[in-house]
Amino acid sequence: MIRRKRRCRSFQGVARKGSTMTFGFGLYGKTDEVPGLFHVATKFEHMFFVPILPQGSYLILNPVEPTGIPIPCSLKSVLLGYGRGWTLVTAVGTGILVFSGDARMTALENAWACAVAVTWFLTLQFKPRFRYSSYKRACELAKVADLGEKARILIDLQFGKVSREEAKKKLLRAEFRGPRSGTPHRGVQVRDRGSGAREG
């Protein structure tokens, strides 16, 4: 795992603790992802799993537990949390109206609104500019979280700043310099809809 001096908070079970199916807490607005290393998410109070009130942003290092380091509030993550949540609500709501025969809007109008909402949801969820981190932002996050030299080497490798062979040599040199250089993190697939903290 990446070395981290700052206190790392666990979110395991955050959706169960003090929560009901109506109200609770969850991680939303996943963004600034560096595959295999970390991503940013914001803890929200939710109502029926729709994000309502942001509680703070975190750098998620271990998406299986997950654990995270508090970072300054990420406006990008907050806006994505709201955007994904409410476009999904709009898509579901207008989809229902298509078949409910609502007299205020025709089925065609509802279907058009549903298609627009779905398009926006998929764009916010999967478009690289909203999902992945830039090199500059990744370096900033590693510095804020004090992840160490090895994390910076892995970021350089991820963004093609160094070759695989160069990265191996730098990691070996960092290993010889001792624990102050940090420890590489083995990334795992994010569990977006686990029984613990929700993430969206």
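Figures for the structure shown
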{"read-out": "Identity of the residue in region 97-121, surrounded by 13 or more Cβ atoms within 10 Å (Cβ to Cβ) and among the aromatic types (Phe, Trp, Tyr), that ends up farthest from PRO35 (Cα to Cα)", "value": "TRP112"}
{"read-out": "Every pair of residues 6+ apart whose Cβ atoms lie under 7 Å, when the first sits in region 43-56 and is in contact (Cβ under 8 Å) with a residue 60 or more places away in the chain while the second is crowded, with 19+ Cβ neighbours inside 10 Å and among the basic types (Lys, Arg)", "value": "PHE49/ARG198"}
{"read-out": "First in region 108-122 and closer than 15 Å to ILE96 by Cβ, second anywhere and small (Gly, Ala, Ser) and at pLDDT 85 or above, Cβ under 7 Å, 6 or more apart", "value": "CYS114/ALA91; CYS114/GLY95; ALA117/ALA91; VAL118/ALA91"}
{"read-out": "Options LEU157, LEU147; residue that is in a loop (DSSP other than H, G, I, E, B) and closer than 24 Å to ASN62 by Cα", "value": "LEU147"}
{"read-out": "Search result, residues across region 80-99 that are within 16 Å of PHE126 (Cβ to Cβ) and out of contact with any helix residue (DSSP H, G or I) (no Cβ under 8 Å at 6 or more places or on another chain)", "value": "GLY81, GLY85"}
{"read-out": "Any hit, region 57-65, residues being at pLDDT below 95, on the phi > 0 side of the Ramachandran plot and in contact with a strand residue (DSSP E or B) (Cβ under 7 Å, 6 or more places away or on another chain)", "value": "no"}
{"read-out": "So THR94, is it loosely packed, with under 13 Cβ neighbours inside 10 Å and modelled with pLDDT of 85 or more", "value": "no"}
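Quick grid of which residues meet (1) within 12 Å of VAL34 (Cβ to Cβ); (2) of a type in the set (S, T, N, Q); (3) modelled with pLDDT of 95 or more:
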{"site": "THR123", "(1), (2), (3)": "no, yes, yes"}
{"site": "PHE130", "(1), (2), (3)": "no, no, yes"}
{"site": "SER133", "(1), (2), (3)": "yes, yes, yes"}
{"site": "ARG137", "(1), (2), (3)": "yes, no, yes"}
{"site": "ALA142", "(1), (2), (3)": "yes, no, no"}
{"site": "ASP146", "(1), (2), (3)": "no, no, no"}
{"site": "GLU149", "(1), (2), (3)": "no, no, no"}
{"site": "ARG152", "(1), (2), (3)": "yes, no, no"}
{"site": "GLN158", "(1), (2), (3)": "yes, yes, no"}
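The values are calculated or read from the model by the stated rules, or taken from the named source; none is laboratory data. Treat the numbers as computed from the prediction; the structure is a model and nothing was measured. We place every Cβ from the backbone using ideal geometry, glycine too, and count neighbours over all the protein chains shown.
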